[in-house]
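For reference, the structure is listed below as structure tokens.
The values are calculated or read from the model by the stated rules, or taken from the named source; none is laboratory data. Worth saying up front: this structure is predicted, and the values here are computed from it rather than measured. In this analysis, Cβ positions are derived from the backbone assuming ideal geometry, glycine residues included, and neighbour counts consider all displayed protein chains. We work out accessible area using only protein heavy atoms, side chains counted, and drop any ligands, DNA or RNA first. Shrake-Rupley method; radii C 1.70, N 1.55, O 1.52, S 1.80 Å.
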Amino acid sequence: MVVMLQPVPKCKPSPVLIPVVDLTDPDAKTQIVKACEELGFFKVVNHGVRPDLLTHLHEEATKFFALPQSLKDKAGPADPFGYGSKRIGPNGDVGCIEYILLNANIHLSSTKTSAVFQQTPAIFRESVEEYKEEMKRMSSKVLEMIEQELRIEPKGKLSKLVKVKESDSCLRMNYYKEKEESTAKEEIGFGEHTDPQLISVLRSNDTEGLQICLKDGTWVAVPPDHSSFFVIVGDTLQVMTNGRFKSVKHRVLTNTKRSRLSMIYFAGPPLTETIAPLSCLVPKQDDYLYKELTWAQYKSSGYKTKLGDYRLGLFEKQLPLYLSNV
């Protein structure tokens, strides 16, 4: 099953078919791998997440972002977790955005990020906790399907990186406020970037704004679908597949008429995990395109860069001169 992506205005027309994967389809694992190789991005349906959970979480998050700014500021600044606005990273990147960033593996009652929920009903905290578990389940399932299709050994090599309690996964809720018609113009809500983790699982309301960049540099808009999820290949999975999968560059433009609320689960490995091409996929180390690095090293280097920088370049192996010109 496929859905047409519409070209962004002022961009080169390039209709694109976005893969749609039914997780209950026996052929889902083959479809997932093909999508990761060709686009680095796909849509997931029949995912098993309860619709009422999505409804409750959306409603309560919207109520939080509608609170007076003085109350929201008490839940921030994000350092790195908590409430933040405008400032996306530590190196000057900004956007038309408010957000909540949470550690996915720390219970909200045991961390300072619980300050986000002091002004909201208990159902908000409870919904977030359940949603985190559902996203862990879904991201693990997707990674398990990749393992099966690629015959990765040992079993669970990828999925266990998300399942273990040491996993460095996080959940981010992004809110892009609507603008007054008299002053409205399309702006960058969240600038172009790739996600550094293994995969990201994204859901939003029915407001457009998400765009992905194709291999030829064309930007195309992703039609929103509040009942489905989108999976994005991250830098770490690109390294572990030795470039077979590509982390896809994406961005968000603001909408002039409607607010946009998105929730992104970043499935990350433990900080001490060594990231390198999988030996079962690339038996000879001479064929590795990337140097070995720990997830902590990659995160540390990423904090020193701008949002749109090509962070993986720091870890690419230098090809011999006679090959680099081929």
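Before moving on, here are some points about what is shown:
- Out of 86, 132, sole residue that is within 21 Å of the chain's Cα centre (by Cα), surrounded by 15 or more Cβ atoms within 10 Å (Cβ to Cβ) and basic (Lys, Arg): 132
- Residue that is farthest from residue 195 (Cα to Cα) [pool: residues in the range 89-102 that are touching a strand residue (DSSP E or B) at 6+ places or on another chain (Cβ under 6 Å) and open to solvent by 30 Å² or more (accessible area, probe 1.4 Å)]: 96
- There is no residue in the range 275-293 that is hydroxyl-bearing (Ser, Thr, Tyr) and under 14 Å from residue 194 (Cα atoms).
- Selected residue (criterion: modelled with the highest pLDDT) from residues of the range 1-17 that are part of a strand (DSSP E or B) and not polar (S, T, N, Q): 17
- For the range 284-309, a residue qualifies if it is within 19 Å of residue 245 (Cα to Cα), open to solvent by less than 80 Å² (accessible area, probe 1.4 Å) and part of a helix (DSSP H, G or I), and the qualifying residues are 295, 298.
- Selection of the range 190-213 for residues being open to solvent by 10 Å² or more (accessible area, probe 1.4 Å) and touching a helix residue (DSSP H, G or I) at 6+ places or on another chain (Cβ under 8 Å) yields 194, 196, 197, 203, 205.
- Helices (runs of 4 or more DSSP H) fully within the range 18-133 counting 1 or more residues that are closer than 23 Å to residue 227 by Cα and without any contact (Cβ under 8 Å) to a residue 24 or more places away in the chain: 28-38, 51-65
- The conditions of being among the polar types (S, T, N, Q), in a helix (DSSP H, G or I) and open to solvent by less than 30 Å² (accessible area, probe 1.4 Å) are met by residue 139.
- Residue check, residue 202 out of contact with any His (no Cβ under 7 Å at 6 or more places or on another chain), aliphatic (A, V, I, L, M) and in a strand (DSSP E or B): yes
- Residues of the range 233-258 satisfying the condition of being over 11 Å from residue 189 (Cα atoms) and polar (S, T, N, Q): 236, 238, 241, 242, 247, 256
- Enumeration of residues in the range 239-266 that are at pLDDT below 95 and more than 25 Å from residue 217 (Cβ to Cβ): 256, 257, 258, 259
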